[in-house]
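Only the coordinates and a few stated rules stand behind these numbers; no lab work does. A quick note: this is a predicted structure, and the numbers were derived from the prediction, not measured. When we count neighbours, we look across all protein chains shown, and the Cβ atoms used for this are built from the backbone with ideal geometry, even at glycine.
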Amino acid sequence: MGTVHLALGIHNHQPVGNFDFVFEEAYQRAYLPFLEVLERHPHVRIAAHFSGILLEWIEKHHPGFLERLGRLVEAGQVEMMTGGYYEPILPIIPDRDKLGQIAKLTEYIQKRFGCKPRGLWLAERVWEPHLPRPLHEAGVEYVVIDDAHLKYSGLQEEELVGYFLTEEAGFTVNIFPISERLRYTIPFRPVEETIDYLRKMADGDGQRLIVFADDGEKFGIWPGTHDHCYRDGWLEQFFEALEANRDWIRIVHFSEALDQLEPRGRVYLPTASYREMMEWALPARAIHQYEDFEEKLKQADLFDRYKVFVRGGFWRNFLAKYEESNHLHKKMLRVSRKVRDAAERHGHDHEVVSRARDHLWAGQCNCPYWHGVFGGLYLTNLRYAVYHELILAERELDRLRSGSKEGWVDWEIADFNGDGRKEVIVESPQWQLVLEPDYGGRLVELDYKETAINLLDTMSRREEGYHRKLLRAADPKAQANQVASIHDLLLVKEEGLEQKLNYDWYRRCSLIDHFLNRDTKLEDFARCRYGEEGDFVLGRYASQVVEEGKGLTVRLGRAGKVWVAGQQQPVEVEKAVRVLRDRPELEVVIRVKHEGSEPADLWYGCEFNFALLAGDAPDRYFDFPGAQFQPRNLASTGVAEEIDWIQLVDEWQGVTFRLEFEPAVDVWRFPIETVSMSEAGFERVYQSSVVFPNFRARWQPGETRELRIRLRALKL
């Protein structure tokens with residue numbers, strides 16, 4: 001009988017900002033029971049990757065686990081793999097950060113487990129052709145990626161029975177292709193199916209190698225898998241089967257395969273990730289076309305043969321698909337440059353620079369930069385955590401400024417987000433603002449440094465490719481007893497979610513100038529199904545920065561049009577945003593001038609969004625005159641008439657954000673809630689609270705009306 005080599009790998013990770021109870025649940029339901037089963041089967045050998053985030057948590061809460069893992073490493077049963085410490089998407093961060101993050105995790109493994117890892121787990125298996133050089137420079141000998149990467153280069157499945165060599169500019173790294181077939185049979189199909197496949201792949205020369213490597217969470221956290229793997233004994237049975245057949249299934253570590261087997265050849269890989277990720281990276285309509293085409297191929301019994309030629313987008317498409325992801329990414333790159341510059345001025349090992357660098361790296365954790373069937377970008381706690389780390393890095397670097405105790409304001413006009421347009425960036429000890437003059441003169445980032453939060457960490461409501469599946473998802477047949485792959489499960493966490501599918505045609509941020517149709521109702525405006533009579537929301541504004549003694553003012557202005565009674569009327573809007581050097585206050589003066597020759601009835605409002613994470617938490621709520629008579633939670637909807645202040649109280653962070661109006665105005669409030677996918681199914685997620693001061697009036701020709709708004713951050 002022939003033999004086959006089998007290399008097994010497991011990847012365990014929890015993101016920066018995940019809740020402690022989620023870590024604990026993953027530990028109790030997946031990481032610990034997997035280790036316990038592995039300990040009972042000493043002939044089963046695996047490579048293990050733990051992100052630095054998870055290792056730190058385990059070391060703090062369950063140090064005995066690491067001692068047990070260390071014994072398996074010492075016995076040669078477990079081979080540790082390195083990676084980016086905070087699990088970044090390596091291709092999208094600067095090389096200096098790639099090398100630094102890999103070195104940090106490698107050093108941790110060497111110190112904690114007494115071994116130097118030779119291989120690297122590539123986060124989300126996102127590959128780009130430039131990677132071999134920085135990986136080689138980091139001391140990485142091999143990476144484990146999907147077999148799809150190699151199939152896209154023209155290799156056939158029967159050729160993927162070993163490892164390959166690739167290079168960039170002469171810098172080499174070895175590639176182990178993960179079997180997609182095993183990713184879908186383990187642990188979702190009967191054990192015999194995997195053993196039969198391995199038997200089929202065995203041959204007489206004993207040189208073939210098959211690879212399985214995947215997320216550890218699929219062994220206990222994914223829906224239905226804990227009972228399947230442990231109560232029903234699937235994992236125990238699988239390991240028993242491997243041991244029972246070890247006369248022909250030769251389990252090896254990846255490093256042993258490097259030493260014992262020859263590479264199968266040289267290969268050059270295109271940009272790729274696993275097949276599902278590349279589908280998720282497509283725009284919604286393209287996903288529909290992709291799914292429809294796949295279905296046609298399946299109906300014609302052609303899919304299995306030609307699916308390698310059916311490809312989606314590539315990971316960086318997420319930066320085009322989601323403005324919010326792109327903004328976060330460009331914020332991260334800006335902070336990385338700041339850390340680099342500080343290191344050049346003050347030294348790489350300077351205490352403040354080192355702290356800032358570690359905050360930066362934590363802010364590169366990949367999970368909130370993209371979205372597939374997991375929450376990812378839609379989860380407010382994950383976005384908050386990454387922004388929090390990036391702002392903490394900037395706050396550390398502020399300490400290196402000369403004269404920082406006296407207060408300061410800096411500004412810059414630059415292309416912040418890589419869209420070819422110039423943004424205005426303003427920083428003080430209390431705030432950082434990013435304004436987009438070319439898109440409505442809007443405010444797209446507002447960092448309050450005291451608590452290190454981006455108040456505009458919002459998420460617009462948009463069509464997702466999976467929204468058309470909502471009706472199917474409500475079908476109870478989707479919850480069949482058979483354990484399904486997470487990519488197939490369609491569940492809903494509450495009834496009627498299809499009624500919540502509202503889509504925004506502009507980005508939810510602040511200082512957005514609206515002119516409403518006279519028949520607009522709050523419900524219509526909240527659902528983004530109303531008449532917008534002006535051309536200001538996405539219009540181009542002129543901008544000017546004026547420095548003054550106490551701070552600076554950014555002036556924004558646009559001469560536009562507003563539809564009034566079926567005719568366009570010329571209207572000018574000017575906004576002056578004043579940032580003070582030494583106080584946590586912002587002042588906004590808005591002037592609306594009617595340039596027409598006839599009186600005009602206008603309904604003007606300025607939209608603000610505030611992202612304070614929890615819409616229904618009792619420690620976060622609205623306060624305003626008459627609030628005792630209305631719901632006050634941040635997810636509440638309502639109108640407060642003729643008020644001169646409203647505030648959002650955040651007891652969790654110990655701060656109140658207070659808006660003051662002069663003159664008094666009506667203020668609408670409502671939540672922005674998205675409908676997105678998570679591993680548990682379709683869910684409604686609170687993203688931000690809209691605060692919309694607005695007023696109606698009759699403007700005479702040439703008349704200007706003014707609204708003054710002050711935003712103050714008050715410590716509780």
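Report summary: the helix-based calculation at 222 nm, which adds -39500 (n - 2.57) for every DSSP H run with n ≥ 4 and divides by the residues of the chain, gives -8000 deg cm²/dmol. Taking the range 4-280 as the region of interest, the number of lysine pairs whose Cα atoms are within less than 21 Å, with members eight or more places apart or on different chains, is 6. Pairwise Cα distances in the range 4-280 exceed 32 Å for 19 percent of all pairs.
Residues whose amide H falls under 5 Å from that of residue 222, counting only those 5 or more places apart or on a different chain, are absent, with hydrogens built in the peptide plane. For residue 500, the lysines whose Cα falls under 19 Å of its own Cα, not counting residues fewer than eight places away in the same chain, are 469, 521.
Distance between the C-alpha centres of the range 35-82 and the range 663-679: 44 Å, rounded to the whole angstrom. The range 623-661 and the range 203-274 have their alpha-carbon centroids 55 Å apart.
Each residue of the range 261-268 was assigned a 3J(HN,Hα) from its phi angle through the Karplus curve 6.51 cos²θ - 1.76 cosθ + 1.60 (θ = phi - 60°); the sequence is 10, 8, x, 7, x, 9, 9, 10 Hz, with glycine and proline shown as x. Dipole magnitude for the chain: about 840 debye, using +1 per Lys or Arg Cβ and -1 per Asp or Glu Cβ, origin at the Cα centre.
Of all DSSP bridge pairs formed entirely within the range 4-280, close to 20 percent run antiparallel.
For the range 522-530, putting each phi into the Karplus relation 6.51 cos²θ - 1.76 cosθ + 1.60 with θ = phi - 60° gives couplings of 3, 4, 5, 5, 5, 8, 6, 10, 9 Hz, in residue order, rounded to whole numbers and with x for Gly and Pro. Evaluating 6.51 cos²θ - 1.76 cosθ + 1.60 at θ = phi - 60° for every residue in the range 337-346, the Karplus couplings come out as 5, 4, 5, 4, 5, 5, 5, 5, 7, 10 Hz, glycine and proline recorded as x. For the chain, the calculated P(r), taken from all Cα-Cα distances in 20 Å bins from zero up to the bin holding the longest distance, is 16, 46, 29, 8, 0 percent.
Considering only 546, 599, 149, the residue lying farthest towards the positive end of the dipole of the chain is 546, judged by Cα position with unit charges set on Cβ. Against the main long axis of the alpha-carbon atoms of the chain, helix 380-398 sits at an angle near 80°.
Principal-axis analysis of the Cα atoms of the chain puts helix 351-362 at an angle of about 80° to the longest axis. In the chain, the DSSP beta bridges split such that about 80 percent are antiparallel, to the nearest 5.
Computed from Cα atoms, the angle from the helix 63-74 axis to the main principal axis of the chain rounds to 40 degrees.
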